[in-house]
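Trainee: Below you will find the structure I want to go over with you.
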Amino acid sequence: MNFKSICLFLSAFFWTQTSMAKVNIVTTTSDLQALATAVGGERVAVDGLIKGSQDPHHLEAKPSFVLKVSHADLLVSNGLGLEAAWLPKVLAGARNKNILPGSLGHFIAAEGITAIDIPLTNVSRADGDVHQEGNPHITLDPERVIIIASALAIRLSELDKDGADYYQQRAGVFVKEITSKIPSWKVRLKATGISKVITYHKTLNYFLTRFQIEPAGYLEPHPGVTPTARHILDTISTAKTGQIKLILVENFFDDTAAKRIAAEAGGIRIKTVPVAVGGEPDIQTFIDLYERIVQAVEGKSS
Ligand SMILES: [Zn+2]
């Protein structure tokens with residue numbers, strides 16, 4: 001093998017390696033990990049920082065997060081302050097200019113959707129309120145997840161132009177699968193006759209609003225603040241006057257306050273629900289997740 005053929009061999013080798021290199025995606029939440037995997041398929045490698053069974057608001061910037069983010073081609077975050085307590089520290093530690101906010105390598109899911117529960121008065125994270133930019137739990141709404149999937153396919157196409165058709169095709173399949181389920185979820189939820197529920201945190205508001213169930217109260221006095229004795233008494237009153245039949249407790253919260261309210265108000269079921277993909281071992285997809293919440297309202301899930 002002469003010098004020229006060695007060069008040709010090496011350039012072919014490196015071209016193959018480069019062309020096969022996957023887009024290295026790091027997501028903050030497990031929902032966004034599922035979404036990036038669904039849209040990115042074989043052309044991406046996806047790692048998520050938060051488990052589906054963890055409260056996403058209250059985490060610390062771990063060294064393992066910094067290491068993962070330092071190697072990412074694309075960081076997919078939720079936005080609306082969900083990661084505000086820890087992601088800025090991770091970004092500072094990672095020193096990866098490709099994924100800083102505002103760059104092509106940082107996709108913020110909430111940027112393309114309309115938020116709900118935006119506070120009318122000035123609230124502060126220092127007061128314990130973790131929703132001062134509006135409700136960040138956007139991936140609990142199947143319709144908003146569809147919008148995010150399409151936007152993510154566009155972003156991936158910009159980062160990996162050769163994969164544009166592939167990402168569009170995969171996003172299309174994802175959108176079609178979710179869209180096909182929504183009408184039956186609507187029918188089943190309506191058939192339960194449940195029009196109001198109490199939840200622990202405002203995690204389920206996008207889901208409930210989508211399916212015309214009113215979030216009538218919360219066990220937390222403010223988002224991110226542990227239930228107080230006074231607030232529990234107020235919520236017992238809300239449950240009685242509102243004839244509440246169901247309390248949904250997100251599975252990373254304690255259900256003691258819910259039990260107290262159910263005992264005092266009477267006629268109330270308590271259901272603990274996963275609120276993220278991976279929130280329980282058998283919740284592997286968005287359809288699994290939404291299906292489980294529908295079943296909880298129906299009274300069918302364990
Ligand atoms: Zn929240």
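We did not get these values from a lab; they are worked out from the coordinates using the rules stated. The shown structure was predicted, so the numbers you read here are calculated from the model rather than taken from an experiment. Cβ: placed from backbone, ideal geometry, glycine included. Neighbour counts: every protein chain shown.
Trainee: Answer yes if at least one residue in region 138-147 is within 16 Å of the ligand (Cβ to nearest atom), surrounded by 19 or more Cβ atoms within 10 Å (Cβ to Cβ) and of a type in the set (D, E), and no otherwise.
Mentor: Step one: list which residues in region 138-147 are within 16 Å of the ligand (Cβ to nearest atom), which gives 138-141, 144.
Now drop any that are not surrounded by 19 or more Cβ atoms within 10 Å (Cβ to Cβ), which leaves 138-141, 144.
Those left that are additionally of a type in the set (D, E): 141.
Taking every residue of region 138-147 in turn, at least one turns out to be within 16 Å of the ligand (Cβ to nearest atom), surrounded by 19 or more Cβ atoms within 10 Å (Cβ to Cβ) and of a type in the set (D, E).
Trainee: Related question: Given the structure, is Q295 surrounded by fewer than 21 Cβ atoms within 10 Å (Cβ to Cβ) and over 20 Å from the mean Cα position of the chain (by Cα)? Step through it out loud before you land on a result.
Mentor: Working: surrounded by fewer than 21 Cβ atoms within 10 Å (Cβ to Cβ): yes; over 20 Å from the mean Cα position of the chain (by Cα): no.
In short, no.
Trainee: Separate question: What is the residue count in region 213-230 for residues that are of a type in the set (S, T, N, Q) and more than 22 Å from the chain's Cα centre (by Cα)?
Mentor: Applying the first criterion (of a type in the set (S, T, N, Q)) to region 213-230 yields 226, 228.
Still in the running and more than 22 Å from the chain's Cα centre (by Cα): 228.
Qualifying residue count for the region: 1.
Trainee: Going through region 185-214 one residue at a time, which ones are closer than 17 Å to A262 by Cβ and not in a loop (DSSP other than H, G, I, E, B)?
Mentor: Of everything in region 185-214, those that are closer than 17 Å to A262 by Cβ and not in a loop (DSSP other than H, G, I, E, B) turn out to be K196, V197, I198, T199.
Trainee: Can you pull out every residue in region 195-252 that is small (G, A, S) and more than 15 Å from the ligand (Cβ to nearest atom)?
Mentor: Taking region 195-252 first, the residues small (G, A, S) are 195, 216-217, 224, 229, 237, 239, 242.
If the condition is that a residue be small (G, A, S) and more than 15 Å from the ligand (Cβ to nearest atom), then S195, A216, G217, A229, S237, A239, G242 are the ones that fit.
Trainee: Counting residues that are within 16 Å of the ligand (Cβ to nearest atom), which strands (runs of 3 or more DSSP E) fully inside region 14-133 reach at least 2? Can you show your working first?
Mentor: Numbers: elements: 23-27, 44-48, 74-77, 106-108.
Because the criterion is at least 2 residues that are within 16 Å of the ligand (Cβ to nearest atom), no strands (runs of 3 or more DSSP E) in region 14-133 meet it.
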